[in-house]
Amino acid sequence: MTLRHLELVDFRSFASASFDPDLEGTTVLSGPNGTGKTTVLEAVAYLGTQRSFRGAPREAMVSTGREQAVLRAELTRAGLPLLVEAEISATGRSRAQVNRQPVRARRDLAEAVPVTVFSPDDLGVVREGPSRRRDLLDDALGLLDPAASTVGDEVDRVLRQRGALLRQSGGRATADVTTTLDVWDERLAAAGTALAVARASLVDELAPYVTASYRALAGREDVAVGLTYRRSWEGELAEALAATRRDDLKRGVTGTGPHRDDLVLTIEGRDARLQASQGEQRCLALALRLGVHRLVTARSDAAPILLLDDVFSELDPFRARALVHELPAGQALLTTAVPLPEGVSVASTVDVRHLAEER
């Protein structure tokens, strides 16, 4: 997969801009802070995930005073041209198309614009709550397992519908509410169990890649890194949903299911979230991204587009050199506010302040 051309319209600070990266090597996006370097990477990542890797809501990505932003990317896959477009609405429904056909599932974009994102915020994958870790797994499933990605979309739909019903019920288990909940619970039990199984299988396959990357980044060949998928329920999900229905009605939310699961990370048996140093946490966050990238590349024989947002400013010289050594070859977009470490081979450098003038 190769990104050939990118266009942004009313996306954050860019009223109109376009960008042509190097097709095979690393393109460095330069410019002072606040000129939009990260914004360009965010646009590419959004086209592949329909989400901001900065954690921003969609309305924040639309230029102030505008109703919508438009992103357009021209790519090449297996020698064939590919057009991916997205409309991001500030108030209504956002849309995406691949070759002028509406996107109905996340996997369509993951296949069209496969990306691996490294950013300073990755530390939150290790340090923050479970949602960041679930997102990492689900993004990987979008690149690796179309069937599991479809199941994930089904889980999201059912949770939205079930949540709306719980809120509308006012905490009352009327006959109509109970009958409808039975339907949603059956669907959630089937799709939620399938998603949990797919995530757990991914974690088992991913673990050796993450361990190898962590050891390289930390310079320790014997360190033990653990990845364990932990469900939020025991036994059958259908039974767990039935057992917690009264609480769900009272609170108006679904408290059990794959949306509450977690990826438990350990270093030498210690909980990485609570007991690891910041240096260990940062190494592990990078190792998780590298592990996913290497697994996807090994499975598909095609590397995702690498997006590296100012990651070197957060690393000491040893870890920066180790990361450079670990980064696989292929198309990459890189932003930096500090001099690049030795070993980074730059194919081209683009000043983001000139992007709007190139349109």
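Quick note: the coordinates plus some simple rules give every number you see, no bench work behind them. It should be emphasised that the depicted structure is a prediction, and the values quoted were computed from it without experimental measurement. Virtual Cβ from ideal backbone geometry, glycine too; neighbours counted across all protein chains shown.
Structure summary
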{"quantity": "Environment charge at Glu87 (Cβ cut-off 12 Å; Lys +1, Arg +1, Asp -1, Glu -1)", "calculated": "+2"}
{"quantity": "Exposure proxy order (Cβ contacts within 10 Å, fewest to most) of Asp156, Asp248, Asp204, Asp138", "calculated": "Asp204, Asp156, Asp248, Asp138"}
{"quantity": "Choice from Ser213, Ser119, Ser131 with maximal GNM fluctuation in the chain (Cα, 10 Å cutoff)", "calculated": "Ser131"}
{"quantity": "Gap separating the Cα centres of segment 74-144 and segment 150-193, nearest whole Å", "calculated": "26"}
{"quantity": "Between helix 317-326 and the chain: long-axis angle, C-alpha atoms, 0 to 90°, nearest 10", "calculated": "80"}
{"quantity": "Extension reserve of the Asp176-Glu59 stretch, reckoned as 0.36 nm per residue once the Cα distance is removed", "calculated": "38.5 nm"}
{"quantity": "Using θ = phi - 60° and Karplus 6.51 cos²θ - 1.76 cosθ + 1.60, couplings along segment 23-39 (whole Hz; Gly, Pro as x)", "calculated": "7, 10, x, 9, 9, 8, 9, 10, x, x, 4, x, 9, x, 4, 5, 4"}
{"quantity": "Among Gln281, Pro208, Ile267 the positive-end extreme of the charge dipole of segment 125-301 (Cβ point charges)", "calculated": "Gln281"}
{"quantity": "Euclidean distance of C-alpha centroids, segment 204-222 and segment 1-60, integer Å", "calculated": "30"}
{"quantity": "Segment 24-146 - charge dipole about Cα centre, Lys and Arg +1 at Cβ, Asp and Glu -1, debye rounded to 20", "calculated": "260"}
{"quantity": "Which of His325, His293 has the fewest Cβ neighbours within 10 Å, and the rest in rising order", "calculated": "His325, His293"}
{"quantity": "Gain in span if fully extended, Glu128 to Val324, counting 0.36 nm per residue against the direct Cα distance", "calculated": "68.0 nm"}
{"quantity": "Cβ-based net charge around Arg220, under 11 Å, with every Lys or Arg adding one and every Asp or Glu removing one", "calculated": "-3"}
{"quantity": "Residues Asp262 and Arg4, FRET efficiency given R0 of 51 Å [Cβ-Cβ distance, rounded to 0.05]", "calculated": "0.85"}
{"quantity": "Counted charge near Gly171, where neighbours are those whose Cβ lies closer than 14 Å (Asp, Glu -1; Lys, Arg +1)", "calculated": "+4"}
{"quantity": "Theoretical gain in end-to-end length, Arg167 to Ser30 [0.36 nm per residue, Cα-Cα removed]", "calculated": "44.5 nm"}
{"quantity": "Two-site label geometry, Asp316 and Asp204: point separation in nm, points 7 Å out along Cα→Cβ", "calculated": "3.7"}
{"quantity": "Listed values (1) 65, 52, 36; (2) 57, 46, 38; (3) 64, 40, 36, entry calculated as Cα extents along the principal axes in Å", "calculated": "(1)"}
{"quantity": "GNM result for the chain, Cα springs below 10 Å: residue of Thr228, Thr174, Thr256 fluctuating most strongly", "calculated": "Thr174"}
